[in-house]
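Structure record follows, encoded as structure tokens.
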Amino acid sequence: MATLSKPDAKKRIEKLRKEIDHYRYVQHVEDKSEISPDALDSLKHELSELEDQFPDLITPESPTQRVEGKPIKGFGKVTHSQPMLSLTDVFDPDEFSTWDERIQKAAGTQPEYFAELKYDGLAITIRYEKGIYKLAATRGNGNVGEDVTPNVKTIESVPLKLREPVTIEVRGEVYMSYKEFEHVNKAQEKAGQPTYANPRNLSAGTLRQLDPKLVAARKLSFMAYAVVSNNMPPTHAEEHALAKQLGFPISRYDRLCKDKTAVIQFWKDIEKQRQKLPYQIDGTVVTVNDRKLFRRLGVVGKSARGSVAFKFAPEQVTTKVEDIRVNVGRTGAVTPFAVLEPVQVAGTTVSRATLHNEDEIQRKDIRIGDTVILQKAGDIIPEVVQPLPKLRTGNENKFKMPTHCPNCGTKLVRPEGEAVTRCPNSNCFALEVGRLEHFVSKDAFDIDGIGEKLVAQLFSDSIVRDPADLFGLTVGDLEPLEKFAEKKSENIIRSIADSKKVTLGRFIYALGIRHVGLQTALDVAEHFGTVEKFRKATKEKLESVDGVGPKVAADVAEWLSGKHNQKLIDRLVEAGITFEKEQRSDELAGKTFVITGTLDEMSREEAQALVRSKGGKATNSVSKDTDYVVVGENPGSKLAQAEKLGVKTIDEAGLKKLANS
């Protein structure tokens, strides 16, 4: 985060507080979502860091000093016997280590920790008198909550009579399973009603229904995480054990951790299993296990010092747009991108994000200097979701699309009916380099050792002008280049020679024909069979290929009609390119797969290759024709689309099982 002067920090803090208060009210009182929880957490995190830098700017009404929400009309108010405190958030092992150091310093020793899942639901406290269910309330503002006694009573996982006749209070999370969430949304669709965004919002909205019958029909769940009584167990772990003993469900994933190393390992283990869980979680909760020490550590603001929410890398965060520039791709498309203040999202540091095209920038009204919501969910390239205009200072600038290519100076054009601006100069440096990069990429000729920098150097030094030139390179051509020793040069020449044997599908994909992805290239190759038949293909013949529409057929036919392109094919064949047969079996024949998220043992490309080797199709978009969506960690919007269309989802193990069946 950039260092601000105190006056600028004060202005930023005031704007952040106002914006956070608005989103918190909408989410927790009205049960709506204008931005994602991840994005809201990011704003809160920025505010917390600024207040840490300038503690004299902290005020009692700051969002960091109170717990979410307040009672809404329609429910009675309940004053909690003990405050229901919030949690301080940390987002990575470094931040957790800093928290651990503070705890060790305050405790004077290395405490034992109790680690558990952080359910994404609604916090509830339930009172029992002599073992009989008496009252249930929401967290509300931390001191006063809403009386939801009749509604919580309908949740089957909440016992109406404890296994022991004790007077006690049990706290936990009300949530909805993915299965029930899908069931409710299908019913909404059938009734012509809008569907819900996520299980958390649906859980909160359901629990606040005035009719308990509707609550019962939606099958909410409850998971206990704490007890409050006059005779508290000595450790937090024993609190959980007591809750289970009394008849409450507790998580089977909870773990005692002797130090921070064990906690970080737990956090990593749970993150790997996250997508396989039947309910939504957004991190883990880490608590000092010794209750006596926990109490001694005390409270900071509205958060217990001895507990922390160790969250997973968010898929949405907020950051600033420092500049907007353009990139010229291999097809001539001029794509604007945002230069960002570096930020961690979905486990990686992001400093650039796509803005798609000029119309999209105008539609979203994204300006240089804006605070924006950034998204990177699994298989999605980082993109700016929306700006937060209420945080503007007046110094932001609107973006203007350049009129000439930044690489060759040619006047840019925007074909009628298209959203993309293009450089029409086929000899533009950026286009030539982009085509070479595509040619050597993994799904094309897969030439190891030739990356973006080497391609640009070879082209700028006129050593290589088109892909066919690669196959005439010698060790002597590479050795004079900077940082190129004899062995490195020999390895690259060997990789080029090894790549000469290629399947027809990958050969067609490597040519870089507009709108021809790998799956389309494979379909075209399977239909025509040989490079001779492919190069003579007409638009009509191409349209007869399964999966090829009129637009793609026209693009391929136009490319093949170019004399320069036909000469390139001639030169590649003359260079010694030979075609091997695609190795396929039929275990997945007739099935279409989409891979989303990060798999444990295979890259996405390897998973797609497995599908194709078994006779299946691997595409990048989910449709009604998709048979399976293979889901890894941090899946993107494709999972939501699959759920909406009713497409079956499987994990990596499920894919392997189908492939080997």
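Condition check for Ser203 on (1) surrounded by fewer than 20 Cβ atoms within 10 Å (Cβ to Cβ); (2) among the polar types (S, T, N, Q); (3) closer than 30 Å to Gln641 by Cβ: one failure, at (1). Counting only strands (runs of 3 or more DSSP E) that fall entirely inside the stretch 123-213 and contain at least 1 residues that are within 28 Å of the chain's Cα centre (by Cα), the qualifying elements are 168-175. A single entry from Ser613, Ser603, Ser585 fulfils the requirement of being among the polar types (S, T, N, Q), surrounded by fewer than 17 Cβ atoms within 10 Å (Cβ to Cβ), modelled with pLDDT under 90 and in contact with a Gly (Cβ under 7 Å, 6 or more places away or on another chain): Ser585. Every condition in (1) part of a loop (DSSP other than H, G, I, E, B); (2) free of Cβ contacts under 8 Å to residues at least 40 places away in the same chain; (3) in contact with a strand residue (DSSP E or B) (Cβ under 9 Å, 6 or more places away or on another chain) holds for Gly615 except the one numbered (3). With the condition kept exactly as written, say whether any residue in the stretch 474-497 is within 25 Å of Ala609 (Cα to Cα), among the charged types (D, E, K, R) and at pLDDT below 95. Yes, some residue in the stretch 474-497 is within 25 Å of Ala609 (Cα to Cα), among the charged types (D, E, K, R) and at pLDDT below 95. Residues in the stretch 588-600 that are farther than 14 Å from Gln519 by Cβ and either out of contact with any strand residue (DSSP E or B) (no Cβ under 7 Å at 6 or more places or on another chain) or surrounded by fewer than 21 Cβ atoms within 10 Å (Cβ to Cβ) (or both): Ala589, Gly590, Thr598, Leu599, Asp600. Mind counting the residues in the stretch 98-122 that are part of a loop (DSSP other than H, G, I, E, B) and either surrounded by fewer than 17 Cβ atoms within 10 Å (Cβ to Cβ) or over 30 Å from the mean Cα position of the chain (by Cα) (or both)? Final tally of qualifying residues: 5. Residue check: Arg295 meets all listed conditions (1) farther than 30 Å from Glu101 by Cβ; (2) without any contact (Cβ under 8 Å) to a residue 12 or more places away in the chain but one, namely (1). The combined condition, being in a helix (DSSP H, G or I) and more than 30 Å from Asp365 (Cβ to Cβ), is fulfilled by Ala456. So if I check each of Lys244, Lys179, Lys186, Lys219, which one is on the phi > 0 side of the Ramachandran plot and of a type in the set (Lys, Arg)? Just one listed residue meets the conditions, Lys219.
For the condition free of Cβ contacts under 8 Å to residues at least 24 places away in the same chain, in a loop (DSSP other than H, G, I, E, B) and surrounded by 12 or more Cβ atoms within 10 Å (Cβ to Cβ), Ala537 qualifies. If the condition is being part of a loop (DSSP other than H, G, I, E, B) and in contact with a helix residue (DSSP H, G or I) (Cβ under 8 Å, 6 or more places away or on another chain), then the stretch 331-362 contributes Thr331, Gly332, Leu355. Residues considered: Lys581, Lys501, Lys551. Of these, the only one that is in contact with a Ser or Thr (Cβ under 6 Å, 6 or more places away or on another chain) and in contact (Cβ under 8 Å) with a residue 24 or more places away in the chain is Lys501.
Look through the stretch 363-419, keep the residues that are more than 30 Å from Lys10 (Cβ to Cβ) and not in a loop (DSSP other than H, G, I, E, B), and return whichever of them is modelled with the lowest pLDDT. Top of the filtered list is Glu383. Could you look through the stretch 35-72, keep only residues that are of a type in the set (Gly, Ala, Ser) and in contact with a helix residue (DSSP H, G or I) (Cβ under 8 Å, 6 or more places away or on another chain), and pick out the one that is modelled with the lowest pLDDT? Across the stretch 35-72, the extreme among qualifying residues is Gly69. Which one is farthest from Leu436 (Cα to Cα) among residues in the stretch 568-588 that are in the same structural domain as Glu526 (by TED's automatic domain parsing) and among the small types (Gly, Ala, Ser)? Across the stretch 568-588, the extreme among qualifying residues is Gly576. Restricting attention to the stretch 335-376, the residues that are crowded, with 16+ Cβ neighbours inside 10 Å and within 19 Å of Thr403 (Cβ to Cβ) add up to 8. Summed over the stretch 162-178, the residues that are modelled with pLDDT of 90 or more and basic (Lys, Arg) give a count of 1.
The values are calculated or read from the model by the stated rules, or taken from the named source; none is laboratory data. In this text the structure is predicted, and so the values were computed from the model without any measurement. Every residue, glycine among them, receives a Cβ derived from its backbone with ideal geometry; neighbour counts consider all protein chains shown.
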